[in-house]
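The values are calculated or read from the model by the stated rules, or taken from the named source; none is laboratory data. What you are looking at is a predicted structure, and each value in this text was computed from that prediction instead of being measured. Using ideal geometry, Cβ is built from the backbone for each residue, glycine included, and neighbour counts are taken over all protein chains shown. Note: areas computed on protein heavy atoms with side chains; ligands, DNA, RNA excluded. Shrake-Rupley method; radii C 1.70, N 1.55, O 1.52, S 1.80 Å.
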Amino acid sequence: MQLLQTLNFPNVTSPLLRLPSNGGILSPSSRRSSTGFQTHERHMFCLQYRPVCSSVFAKAASVEAETSSVSKATAEKDVLSALSQIIDPDFGTDIVSCGFVKDLHISEAIGEVSFQLELTTPACPIKDMFEQKANEVVAELPWVTKVNVTMSAQPARHGLAGQLPKGLQTISNIIAVSSCKGGVGKSTVAVNLAYTLAGMGARVGIFDADVYGPSLPTMVSPENRLLEMNPEKKTIVPTEYLGVKLVSFGFAGQGRAIMRGPMVSGVINQLLTTTEWGELDYLVIDMPPGTGDIQLTLCQVVPLTAAVIVTTPQKLAFIDVAKGVRMFSKLKVPCVAVVENMCHFDADGKRYYPFGRGSGTQVVQQFGIPHLFDLPIRPTLSASGDSGMPEVVADPQGDVSKTFQELGVCVVKQCAKIRQQVSTAVTYDKSLGAIRVKVSDSEEEFLLHPATVRRNDGSAQSVDEWTGEQKLQYADVPEDIEPEDIRPMGNYAVSITWPDGFNQIAPYDQLQTIERLVEVPKI
């Protein structure tokens, strides 16, 4: 169709418009109208080049006939078949099977195709490749004349949103940055990772969970340095810096906390769950050092998507980090990357390792964590943390920023994989009078008698911690007991509330070892 329009404009240097050298039909003195050749000249031109004009009109007629003959059902099948050639390298399957293709509209009359590619995150590192390939494979269909691709991302919402505190329901991924040892640069990694993800197009928040020594107020410079309260909703409004939402006890006007552990756990819970985070793709939690009450509270209050482990080359750092990795393993939080900070520095054309080598590699090898990233000793990295501007913002093209970019891509890909996995689901089937357990990443599903689950409680209220003596007796639990509520506890367990007010923490691993119902009870 475009070729036919070209014939009306003599100034276009197309091969179809080159006249014979002997003057042909049109002489240099031929007069032209304001819209192109005069009528008789256009007529004579087409007579002289009838084969060319005929082939052009025939091609156009063929395209129109082919377009009109394609039914809507066939057209949709063709488009989806073409798009299924594009494989997501992280999931190992095509984008159609992944459910990325949305709002497919086809105009059979003019051969125009429009659709949306809804990815798992706006920070997808290969979104440009997806868009380009989608345009190419659909445009290759013989009846297609135009392709419109719109890129988008899935709404920010956790898979267990309905069972989470209201403030966390519109957060897609929660990333814990942990070291279990102070002074290794954990806060530096957390802040720079957050701003890297934001630079990739994601909506990001940072939660500083260190109440005793909050670092966030030093590392960023928001204009408003005090958290505000919403008196109507009784919620906390986070402050912001360069588009990233921030919450820290240091922004509460209290400085550093002087209080006992249980009180700190309550403060952490309140700050995290009552904040108006809004829709976030990633919430980065700067974990405090250690493996005590605060860390366990965080892992129980929120289902952490993944953890990034920060260490230094010293052997002492590895010992502490190993404890943290084991804690995350027990709580079913996957560790997706290790960042070895302060590895080396370059001077006089040589590379020096002042703290030795191998701690990060040892963590990766011993615990099977898939990715390792090295950060050098750089005065600018330390200075940026003290100045209130993250290094990835101050020097986005530097070597340190490139390392954080690689870390950000790793986190995005690993979180996307983890979100595709099905979580273990525990529900109470009242019609059967049984607790139904659907095991993650498996077709396995089984039923448990509520009384049996209650009798298998291993907490201090049921079993003496020192002697191992069973305090809860068999007869203490009625056979017809029913749970009042079942809620997930992080990634590793469920909390079951019983009629007597007791809250039982039942790990998924334990539920799989309890005696199962062979026959479905009759109600």
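If you check Ala493 against the conditions, is it open to solvent by less than 30 Å² (accessible area, probe 1.4 Å) and aliphatic (A, V, I, L, M)? Write out each step before concluding.
On the way: open to solvent by less than 30 Å² (accessible area, probe 1.4 Å): yes; aliphatic (A, V, I, L, M): yes.
Judged against the criteria, Ala493 is a match.
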Of all residues in segment 389-408 being without any contact (Cβ under 8 Å) to a residue 40 or more places away in the chain and acidic (Asp, Glu), which is least open to solvent (accessible area, probe 1.4 Å)?
Asp395
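Which one of Arg351, Arg357, Arg326 is in a helix (DSSP H, G or I) and either loosely packed, with under 15 Cβ neighbours inside 10 Å or out of contact with any strand residue (DSSP E or B) (no Cβ under 7 Å at 6 or more places or on another chain) (or both)?
Numbers: Arg351 fails: in a helix (DSSP H, G or I); Arg357 fails: in a helix (DSSP H, G or I).
Every option except Arg326 fails the conditions.
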Looking only at residues in segment 411-442 that are charged (D, E, K, R) and touching a residue at least 40 places away in the same chain (Cβ under 8 Å), which one is nearest to Arg516 (Cα to Cα)?
Lys430
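Just to check your reading of the model, which residue among Ala198, Ala252 is open to solvent by 10 Å² or more (accessible area, probe 1.4 Å) and touching a Leu at 6+ places or on another chain (Cβ under 6 Å)? Please lay out each step first, then the result.
Details: Ala198 fails: touching a Leu at 6+ places or on another chain (Cβ under 6 Å).
Exactly one of Ala198, Ala252 is open to solvent by 10 Å² or more (accessible area, probe 1.4 Å) and touching a Leu at 6+ places or on another chain (Cβ under 6 Å), namely Ala252.
From the list Arg516, Arg454, which one is crowded, with 18+ Cβ neighbours inside 10 Å, farther than 30 Å from Cys335 by Cβ and basic (Lys, Arg)? Talk me through it step by step, then tell me what you get.
Working: Arg516 fails: crowded, with 18+ Cβ neighbours inside 10 Å.
Unique residue meeting the criteria: Arg454.
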Please go through segment 298-323 and pick out each residue that is closer than 22 Å to Ile268 by Cβ and over 23 Å from the mean Cα position of the chain (by Cα).
Asp320, Val321, Lys323
Of the numbered conditions (1) open to solvent by 40 Å² or more (accessible area, probe 1.4 Å); (2) part of a loop (DSSP other than H, G, I, E, B), Gln300 fails exactly one; give the number of that condition.
(2)
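Tell me the strands (runs of 3 or more DSSP E) entirely within segment 226-287 that contain at least 3 residues that are modelled with pLDDT of 90 or more. Break it down stepwise before answering.
Working: elements: 228-230, 235-237, 239-241, 244-248, 280-286.
Those strands (runs of 3 or more DSSP E) span 235-237, 239-241, 244-248, 280-286.
Report yes if Ser401 is under 28 Å from Leu298 (Cβ atoms) and polar (S, T, N, Q), otherwise no. Show your work before the answer.
On the way: under 28 Å from Leu298 (Cβ atoms): no; polar (S, T, N, Q): yes.
Taking the combined requirement at face value, the residue does not satisfy it.
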Is there a residue being within 23 Å of Val96 (Cβ to Cβ), touching a strand residue (DSSP E or B) at 6+ places or on another chain (Cβ under 9 Å) and either modelled with pLDDT of 90 or more or β-branched (Val, Ile, Thr) (or both) anywhere in segment 152-160?
no
Glu445, sole failed condition from (1) farther than 15 Å from Ala434 by Cβ; (2) free of Cβ contacts under 8 Å to residues at least 60 places away in the same chain:
(1)
State whether one or more residues within segment 409-417 are farther than 15 Å from Gln504 by Cβ, open to solvent by 50 Å² or more (accessible area, probe 1.4 Å) and either at pLDDT below 90 or under 32 Å from the mean Cα position of the chain (by Cα) (or both).
yes
Every listed condition ((1) farther than 21 Å from Leu216 by Cα; (2) surrounded by fewer than 20 Cβ atoms within 10 Å (Cβ to Cβ); (3) among the hydroxyl-bearing types (Ser, Thr, Tyr)) holds for Thr380 save (1)
Scan segment 324-334 for residues that are within 19 Å of Gly182 (Cβ to Cβ) and not small (Gly, Ala, Ser) and jot them down.
Val325, Arg326, Met327, Phe328
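Condition check ((1) in contact with a Lys or Arg (Cβ under 6 Å, 6 or more places away or on another chain); (2) assigned to a loop (DSSP other than H, G, I, E, B); (3) open to solvent by less than 10 Å² (accessible area, probe 1.4 Å)) across all residues:
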residue	(1), (2), (3)
Val310	yes, no, yes
Leu316	no, no, no
Ile319	no, no, no
Ala322	no, no, yes
Val336	no, no, yes
Met342	no, yes, no
Asp346	no, no, no
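Could you tell me how many of the residues in segment 465-493 are β-branched (Val, Ile, Thr) and at pLDDT below 85? Don't jump to the end; show me each part of the working.
So in segment 465-493, the residues β-branched (Val, Ile, Thr) come out as 467, 477, 481, 486.
In the following step, the residues that additionally are at pLDDT below 85 were identified as 467.
Count: 1.
Which residues, counting only those in segment 72-95, are open to solvent by 30 Å² or more (accessible area, probe 1.4 Å), of a type in the set (A, V, I, L, M, F, W, C) and modelled with pLDDT under 90? Steps first, answer last, please.
As a first pass, look at segment 72-95 and keep what is open to solvent by 30 Å² or more (accessible area, probe 1.4 Å): 72-74, 76-78, 80-81, 84-85, 87, 89-93.
Filter once more, so that each one left must be of a type in the set (A, V, I, L, M, F, W, C): 73, 80, 87, 91.
Hits for segment 72-95 are Ala73, Ile87, Phe91.
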